[in-house]
1. Classify region A:54-125 from the C-alpha gyration tensor, please: rounded if a/c falls under 1.5, else prolate or oblate depending on whether a/b exceeds b/c.
2. How large is the helix-only mean residue ellipticity at 222 nm for chain B, computed as the sum of -39500 (n - 2.57) over DSSP H runs with n ≥ 4, divided by its residue count, in deg cm²/dmol to the nearest 500?
3. What is the average number of partner chain Cβ atoms found within 10 Å of a Cβ in B:168-177?
4. With chain A treated as a Gaussian network of Cα nodes joined by springs under 10 Å, which of A:115, A:186, A:170 yields the largest mean-square fluctuation?
5. I want the antiparallel fraction of DSSP beta bridges within the protein assembly as shown, as a percent rounded to 5.
6. Using a Förster distance of 60 angstrom, determine the FRET efficiency expected from the C-beta separation of residue B:255 and residue A:76, and round it to 0.05.
7. How much FRET efficiency would the formula 1/(1 + (r/R0)^6) give for residue B:265 and residue B:15, where r is the Cβ-Cβ distance and R0 is 30 Å, rounded to 0.05?
8. According to the square roots a ≥ b ≥ c of the eigenvalues of the Cα gyration tensor, what is the shape class of the protein assembly as shown, taking rounded for a/c under 1.5, prolate for a/b larger than b/c otherwise, and oblate for the remainder?
C-alpha cells in the first residue's frame, strides 16, 4: 500500500530550460523504506524534495502531474501539488518530515530543538512538551546521551548526535513519512551505522524515503529501491531484485559500478 | 630573473606596509603625547563652558544612540528583506547597490542633505537633525552587514525550519537571525564606532553647544564638531583641549572596535 503515490510527475527548476524530472511514477510504500539511487544529477534529491514541497522556498519552480499523499486516519488521498494555503503547507510538512545531508541543529538548546515543531503545532503545556521531547529523543536513541544537558546548546553535540537530534526533531511531530536526503554522507562510519540502525527501527512508525549515494547502504536498509537516471525513473522494485536481478541494463551497469 | 622580480615585489610590499603603519603610529604617538599632556580628570566633570568635555562626550553618545535606535532596525529589516525575501529580484538588487553607493557617499553630502530637509524647515540646528544625519550614515552599513552575515547561514538551516512546518518569518526570526547573531552584532558595533567619530554630518545639523543639554530641538553638544572649533581657536588653551578631546575620542572608538573584534574572535 502506498502512503505517497507519485503519478506522471515532472519538475522544472525556475531558470532551467527543460524539466529535471520527466513523468515519474513511483509509490512510497507504507511502513517500508524506499531508497532512491542514481548518479549525481539524476534527480533523486529533486524528487525527494518535491514530496514535502520544500522547493517552494524558492520562487518560480514548476510542478506537473500528481503527488498523492494518504491521510492515514481517513485513508483518503490528497494531491499535495494543489496545496496553496499557508496552513495546509504547515500540515503537509508536519506530515512529511525531512532530514538533510548536513546536520541542521538550530542555534538553541537541545530541548528547544526537539520542541520546535511541537510548539508550531500549538502545544504549550510544559508537561506535555517534556513528555513528547523525551519520547522523541528516546525514539532517536539519543536520550541517554543528552538527558542531563537538555538545556545546553545543540551546537555542542557531535555530528552524529546532531543528526540524531534532527531525526528526533522530525519524529517529535509524529509524521507519516520521513524523507532522508543523504543523511549519513557527512558522518563517520560509526555514526553512519547508528543512523542506519535508527532508520530501520523507525519504519515501524513511519514510512521512509531515503536518497543515498551509497549502494551498500541502500541494499542494507531499504525494502524497495528506485534507480533514477537523467531525470527518469529507470527501474523500481524490491531491493533484492534491483541488486541481484535487475531488468534494465542501465540499472545493472550502475549497480556493478560501471558508471556513476 | 624571476627571483629578482620576486625580491623587488617583496621589497616594495614591505616598504609600503612600513610606510602605512609608520604614519598610523605617528598619528597615534602625536595624539598620545599632545592628548595625554592636556588630559586631566576635570575634563570629565565640567562642561565646555567651564573648560571641560563632559557635555560634549555625553552629547555625542546621545546622538549616536538615537541614530542607532533609528538606523539599526531599519538597516536590519532592509538587510533581511534583500537576503531572505528579495532573492535575485531586480528591486532587491537595486536596493543592495544603492546601499553600497550610500556607504561610500561623502559624509558632508549627507550633512548637507539633512541641513536642507530638516534643519532649514525646522528653523535651526538640533540634536535631532544630527541624529538623523548619523542614522543615514549608519543604515547602509547595517544593511550590508546583515545581508552578508545572513548569506553565511547555510540554506539547509532555512529548509530545516520550513520542513518542520514553520512559516518563513518564524524561521528567519527564530533561527536564521540567531545563527547570524554574532556577525550582525559585530557589524552593528563597528557601524556605531564609525558614526561616533563623524564630524561632517553634524557640522551644520546639530552644530555644537558649550552647555549641557538633553533638549534635542536645540543645537546639541558634539565632541567632534567642538574639536573642529577648538582646533581653529587662537587660544592655545582651546587647542590643547582639542588634543585632549581627540585623544579621548580615539580611545573610545578603539575600545568599541576592539570589542567588536573580540566578540568575533570568541566565536571561532
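1. Oblate, since a/c reaches 1.5 and b/c is not below a/b.
2. Calculated from helices alone, the mean residue ellipticity at 222 nm is -23000 deg cm²/dmol.
3. Mean number of neighbouring Cβ atoms from other chains: 2.
4. Judging by the Gaussian network model, the answer is A:186.
5. So the antiparallel bridges in the protein assembly as shown amount to around 60 percent.
6. 0.40
7. Calculated transfer efficiency: 0.50.
8. prolate
Values in this text are rule-based calculations from the coordinates and carry no lab data. Keep in mind that what you see is a predicted model, and the values were worked out from it rather than measured. Because the Cβ atoms are built from the backbone with ideal geometry, glycine has one as well, and the counts that use them run over all protein chains shown.
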